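Visitor: Let me begin by handing over the structure; questions about it come next.
The values are calculated or read from the model by the stated rules, or taken from the named source; none is laboratory data. Because the structure is predicted, anything quoted here is derived from the model rather than measured. Because the Cβ atoms are built from the backbone with ideal geometry, glycine has one as well, and the counts that use them run over all protein chains shown.
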Amino acid sequence: MAQADVRNPKVQRPLSPHLQIYRWTWTMAMSIFHRITGVTLYLGTVLLAFWLVAMASGAASYARAEWFFGSIIGYLVLFGYTWVLMHHMLGGLRHFIWDFGVGFEANKRFALAKMTLAGSIALTFLIWIVVLIVR
């Protein structure tokens, strides 16, 4: 029995599929967003630590942090962080539902994925409306 030459194979093996050939689905997109929002939450924790250290460091440090978070850029960062937090939370709830073996049918997976995005947007706006009214 002759050995196959590894440097010059006779059988062409398929290459691994690339993301360009996959048809994007809601569940795929929400899975990717869930991972991205998880990483982004770590960055948001740096902002929380900055705020806490500024508060503990005295009035001048806290005034600088308050200036940043009160600026347009600060509001945009906080708004984005709120969306990231809501999206990751709802994605986690979606996975929690799946842990019980519920919602694996195609139409339910699609609905849960769409509700994750719609719910995170709605909750973010609701939170900010309440904050701006109370303020």
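Visitor: Could you tell me whether any residue of the range 12-33 is at pLDDT 95 or above, surrounded by 11 or more Cβ atoms within 10 Å (Cβ to Cβ) and either under 19 Å from the mean Cα position of the chain (by Cα) or not in a helix (DSSP H, G or I) (or both)?
Guide: Going residue by residue through the range 12-33, those that are at pLDDT 95 or above are none.
No; the residues of the range 12-33 include none that is at pLDDT 95 or above, surrounded by 11 or more Cβ atoms within 10 Å (Cβ to Cβ) and either under 19 Å from the mean Cα position of the chain (by Cα) or not in a helix (DSSP H, G or I) (or both).
Visitor: Name the residues in the range 73-117 that are among the β-branched types (Val, Ile, Thr) and either touching a Ser or Thr at 6+ places or on another chain (Cβ under 8 Å) or in a helix (DSSP H, G or I) (or both), would you? Outline the logic, then answer.
Guide: Pass one, the range 73-117, residues among the β-branched types (Val, Ile, Thr): 73, 77, 82, 84, 97, 102, 116.
Within the range 73-117, Ile73, Val77, Thr82, Val84, Ile97, Thr116 qualify.
Visitor: Let me ask something additional. Looking at this structure, is Ala56 over 15 Å from the mean Cα position of the chain (by Cα), surrounded by 13 or more Cβ atoms within 10 Å (Cβ to Cβ), more than 20 Å from Ile127 (Cα to Cα) and modelled with pLDDT of 95 or more?
Guide: So Ala56 does not fit the description; no.
Visitor: Separate question: Yes or no: Leu41 in a helix (DSSP H, G or I), modelled with pLDDT of 95 or more and under 20 Å from Lys114 (Cβ atoms)? Give the steps one after another, and end with the answer.
Guide: On the way: in a helix (DSSP H, G or I): yes; modelled with pLDDT of 95 or more: yes; under 20 Å from Lys114 (Cβ atoms): no.
For Leu41, the condition - in a helix (DSSP H, G or I), modelled with pLDDT of 95 or more and under 20 Å from Lys114 (Cβ atoms) - is not met.
Visitor: Of all residues in the range 104-128, which are under 19 Å from Met28 (Cβ atoms) and either surrounded by 15 or more Cβ atoms within 10 Å (Cβ to Cβ) or aromatic (Phe, Trp, Tyr) (or both)?
Guide: Phe104, Arg109, Phe110, Leu112, Ala113, Met115, Thr116, Leu117, Gly119, Ser120
Visitor: Another question, then. If I ask for residues that are touching a Phe, Trp or Tyr at 6+ places or on another chain (Cβ under 6 Å) and closer than 18 Å to Ile36 by Cβ, which ones from the range 88-113 would you list?
Guide: Residue satisfying the conditions is Ala113 alone.
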